[in-house]
Structure formats: structure tokens, C-alpha cells
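*Asks:* Dropping the structure in here first, questions after.
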Amino acid sequence: RDATVVWGSIDFKIKNTNLILNKAIMQAWKARKYSYESSVRPDHGLLYLFSGKITYTFDESKIELKSGDIIYLPKGSNYEVNFDLKNGIVEDYLINFDVMGEDGFTDIYKPTCILRDHARVLADCFKDTVKAYNEKDKPFLTNSLFYLCLNSLQTAIQSNDGNKERLIFEKAARGLAENFEMSVDEISKELHISRSAFQKKFIQYFGMSPIEYRTVKRLKKAKLLLETTD
């Protein structure tokens with residue numbers, strides 16, 4: 001079935017495609033470095049960092065991962081990985097896969113962190129997929145767990161993005177309440193969205209329009225001033 005999936009800045013379509021699980025393993029690193037600088041990554045990868053710290057370096061950029069972080073490693077990407085072994089072995093769960101069919105992932109060629117410090121429930125999803133893959137005689141279960149892992153990941157990302165959006169609108173609401181001179185147009189421009197889109201989302205979160213919200217806050221402030229000052 002056709003679908004569009006969004007992982008942070010990654011936007012890809014699933015249309016007439018199959019996701020093929022290539023490998024699912026748990027890795028315990030004792031070496032300090034691993035590199036895809038002289039070659040390219042042969043397939044797509046999703047890595048859940050279970051313990052320790054990892055730094056990915058590419059194109060003069062860096063991504064630092066801590067326990068609970070999840071990174072997407074695109075097929076065809078070049079990077080170097082450094083493992084912080086100060087506190088012992090670095091452990092992760094890695095799922096490698098390919099996209100077969102007419103359409104697939106968008107053209108992203110650099111590692112992208114798609115979740116930070118997330119619940120261990122996702123570790124269990126990765127762990128279950130790895131366990132089934134290593135049992136070899138359960139291909140249908142393995143593929144089911146792989147897709148279940150992707151679904152859990154998508155749900156977590158959507159929840160995470162929703163929380164981020166709410167924090168942004170809560171900050172905008174404080175701006176409306178504390179700075180009566182700032183217009184709704186100015187606030188929506190700062191958020192890089194249209195006034196109508198801002199109003200629609202604002203009503204969704206607060207049950208009233210930005211102007212109504214500001215009026216309520218002004219009335220409450222006036223009431224407080226009347227009651228507590230001369």
C-alpha cells in the first residue's frame with residue numbers, strides 16, 4: 001500500500017516497494033574506530049545505541065550519540081565512527097535493510113539522528129528483531145518483527161515531533177501573554193508558517209484563537225492589578 005513516512009528531516013515514500021531485512025545484530029565494540037570513508041555503506045541501517053557513546057564524523061560534521069539514541073545510516077554514505085571506551089564496551093543494536101521497488105527513500109547521503117534518549121521499549125523492538133533473525137528458522141516472524149520495529153519507531157518519532165511542536169506553541173503563547181505589542185503576524189513569521197496555519201494550530205492546542213488568548217491574559221492581568229495595586 002502507498003505510504004509516506006517522515007523521520008525528522010527524512011521524508012520517504014513507500015510505493016510498490018519492499019523493505020528487505022539484510023541483517024540484525026547486537027554489536028559490542030572493543031575497537032575505538034570504524035570507517036566507511038574509503039568505501040560506501042552497502043545498505044540502509046538503523047542503529048539503537050544501548051550503552052556508551054559514539055561519534056559519527058562526515059563532511060566536517062559530527063553527530064554524538066548517547067544511550068537511547070537512534071541513528072539512520074543511509075545506503076551509499078561515507079563516515080567514520082569513533083567509540084568512547086572510557087567506561088567499557090560500547091553496545092548497540094543494528095538493523096541493515098534494502099529498499100526494493102520503484103520508489104524508496106529520499107536522497108539522503110549522510111547519517112541522521114532521528115530520536116534522542118528514547119524509551120527502552122524501542123530497545124526491546126530492536127532486541128526482538130535481532131533475536132528472531134539469529135534463530136534463522138523463523139523468517140516470517142523475523143520480517144514481522146522488523147516491520148513492527150519500524151512502526152514503533154515511526155510512532156515514537158511522531159510523538160516526539162508532537163511534543164516539540166507543543167513546546168514551540170507554548171513559547172508563542174507566552175510571547176502573546178507577555179508582549180502585548182507583538183502582533184500575531186510577527187509571531188507566525190518567527191515560526192516560519194502562515195498566519196492561518198498558526199491560528200489553526202493555536203486553536204488546536206489552546207481552544208481559542210491567538211487574539212482571544214491574548215485578551216483573556218490581558219483581562220486576568222488587569223484584574224490582578226486592580227486587586228493588588230493602587
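*Asks:* Using θ = phi - 60° and the Karplus curve 6.51 cos²θ - 1.76 cosθ + 1.60, what whole-Hz ³J(HN,Hα) does each residue of the range 184-197 get, with Gly and Pro shown as x?
*Replies:* 4, 4, 5, 5, 5, 5, 5, 8, 6, 9, 6, 4, 5, 5
*Asks:* Taking H as built 1.01 Å from N, whose amide H comes closer than 5 Å to the amide H of residue 22, not counting residues under 5 places away?
*Replies:* 96, 97, 98
*Asks:* Keeping all protein chains in place, calculate the accessible area per residue for the chain (probe 1.4 angstrom), answer in Å².
*Replies:* I get 61 Å² per residue for the chain.
*Asks:* Residue 195 to residue 20: FRET efficiency via 1/(1 + (r/R0)^6), r the Cβ-Cβ distance, R0 41 Å, to the nearest 0.05?
*Replies:* So, using R0 = 41 Å, E works out to roughly 0.35.
*Asks:* Take each of the peptides 49-56, 26-33, 150-157, average the number of other beta-carbon atoms within 10 Å over its residues, and list them starting from the highest.
*Replies:* 49-56, 150-157, 26-33
*Asks:* Size of the range 163-230 along its principal axes in angstrom, Cα-based, largest extent first?
*Replies:* 42, 22, 18
*Asks:* Take the solvent-accessible surface of the protein heavy atoms, probe 1.4 Å, and return the percent of it on the chain that carbon and sulfur atoms account for.
*Replies:* That share works out to 51 percent.
*Asks:* Enumerate the calculated ³J(HN,Hα) couplings along the range 132-148 in order (Karplus 6.51 cos²θ - 1.76 cosθ + 1.60, θ = phi - 60°), each rounded to whole Hz, writing x wherever the residue is Gly or Pro.
*Replies:* 5, 4, 6, 7, 6, 8, 10, x, 5, 4, 4, 5, 4, 5, 4, 5, 5
*Asks:* Multiplying the sequence separation of residue 208 and residue 222 by 0.36 nm and subtracting their Cα-Cα distance, what value in nm do you get?
*Replies:* Full-extension gain reported as 3.1 nm.
*Asks:* Would you please state the base-10 log of I(q)/I(0) at q = 0.11, 0.18 1/Å for the chain, with intensities from the Debye formula using one equal scatterer on every alpha carbon?
*Replies:* With one equal scatterer per Cα and no solvent, log10 I(q)/I(0) is -0.70, -1.28.
*Asks:* At residue 32 and residue 120, where each label point lies 7 Å from the Cα along Cα→Cβ, what is the point-to-point distance in nanometres?
*Replies:* Inter-label distance under the simple model: 3.1 nm.
*Asks:* Between residue 84 and residue 151, take the C-beta separation as r, use R0 = 41 Å, and let me know the FRET efficiency to the nearest 0.05.
*Replies:* 0.85
The values are calculated or read from the model by the stated rules, or taken from the named source; none is laboratory data. All values reported here derive from a predicted model rather than from experimental measurement. All Cβ positions, glycine included, derive from the backbone under ideal geometry; neighbour counts span all protein chains shown. Heads up: the accessible areas ignore ligands, DNA and RNA and are worked out on the full protein's heavy atoms, side chains in. Shrake-Rupley method; radii C 1.70, N 1.55, O 1.52, S 1.80 Å.
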